[in-house]
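Please read the structure below before turning to the comments.
The values are calculated or read from the model by the stated rules, or taken from the named source; none is laboratory data. Note that the structure is a prediction, hence the values are computed from the model and not measured. Quick reminder, even Gly has a Cβ in these numbers, built from the backbone with ideal geometry, and neighbours come from all protein chains shown.
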C-alpha cells in the first residue's frame, strides 16, 4: 500500500457502525480493526470502494509506534476476559516443525506441553499434526488433528478434527493474518461431538534488527450444546502479545503473554499464561522450489 496516495479523510465516528449480536462479543472497535485487511482483500478481488480509501487514510496518518499501540489497544478492548472472576497462571511451551514436500504443500507437527503455575505439574499435552496448502493471493487451507491429554480426572482426553482457511497479507509496515478454523471435538466421556469455530486476527509489526512485535486476538464460538464444554455461543477469548525473532528463514522463536477467558458451566475463568514457542523447517536438500519463511503462528 502506498501511503502517499492514500486519501487524507478518516472516520468521523462510529455512529453508523452496525452492532453485531452481543453473544459474539464483537464491538465496533473490532469491526474497525478488521476494516483495513478486509478492504484490501476486497480490493484484490476487484471490489475497491469508499471504504478502502478511508481505511488507507486512517492507517497511513499514524507513526509505526502508534500503529503498534492502536492495534494492541483495539484487540484488548475486544477481549471479554475482564468479565471473569476466577484467575490462574500457566505456561505453554510449543515446538513446531514444518516439512515442505512441494512449493505450496507441507506437513507440520506441533507439540505443546501446558503447565500449571507450578512448573513441575503438567496440565495438558497437545499434539497437532496437519497438512496445509498455500494458495495464490495470500490464501491458505489446512486439514489437521489435535490430540489433547489432560491431567484432569474428569476430562482425560480430547480429540479434534479441524479444517482451516486463512488469509495473510504484507503491508508496508505490518503483516496481517485472518484465520477461521472449524473443529469437531470428541471427548472420552461424551457420546456426541462438539462443533466449535475459532476466529483469529493476528498482526506482526517488524521493529528492526530481526525482531517482530506479535499480537493476536482469537475468539471461540460453540455451535452446539455439550455439558463438557459449555453452552452454545461465545465461550472463550485468547488475547496474546509478545515478541519474535527470526534467526534464519527456517528458525523462528517467540515469547509472550496470553490472557485467556473461558465461560464454563461452573465458572468464568481467566488464565494468565506465559508462552514460549519455536518454529523450525527441515533443511533444504536439492530442492527445486522456492523456500518460504517459517511462520510464528
Taking residue 215, is it in the same structural domain as residue 139 (by TED's automatic domain parsing) and touching a residue at least 60 places away in the same chain (Cβ under 8 Å)?
yes
Tally the residues that are touching a residue at least 40 places away in the same chain (Cβ under 8 Å) and over 22 Å from residue 294 (Cβ atoms), restricting the search to the stretch 174-203.
2
Of the residues in the stretch 204-244, those that are farther than 20 Å from residue 295 by Cβ and not in a loop (DSSP other than H, G, I, E, B) number 11
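Yes or no, residue by residue, for (1) closer than 19 Å to residue 130 by Cα; (2) buried (at least 19 other Cβ atoms within 10 Å of the Cβ); (3) in contact with a helix residue (DSSP H, G or I) (Cβ under 9 Å, 6 or more places away or on another chain):
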position: 145; (1), (2), (3): yes, no, no
position: 148; (1), (2), (3): yes, yes, no
position: 155; (1), (2), (3): no, no, no
position: 176; (1), (2), (3): no, yes, yes
position: 179; (1), (2), (3): yes, yes, no
position: 192; (1), (2), (3): no, no, no
position: 202; (1), (2), (3): no, yes, no
position: 221; (1), (2), (3): no, no, yes
position: 229; (1), (2), (3): no, yes, no
Report yes if residue 171 is within 22 Å of residue 244 (Cα to Cα), touching a residue at least 24 places away in the same chain (Cβ under 8 Å) and under 17 Å from the mean Cα position of the chain (by Cα), otherwise no.
no
Of (1) modelled with pLDDT under 90; (2) closer than 28 Å to residue 106 by Cβ, residue 242 fails just (1)
Yes or no: the stretch 138-148 includes at least one residue that is closer than 25 Å to residue 257 by Cβ, in contact with a strand residue (DSSP E or B) (Cβ under 8 Å, 6 or more places away or on another chain) and modelled with pLDDT of 90 or more.
yes
Kindly indicate whether residue 183 is modelled with pLDDT under 95, in contact with a strand residue (DSSP E or B) (Cβ under 8 Å, 6 or more places away or on another chain), buried (at least 18 other Cβ atoms within 10 Å of the Cβ) and in a strand (DSSP E or B).
no
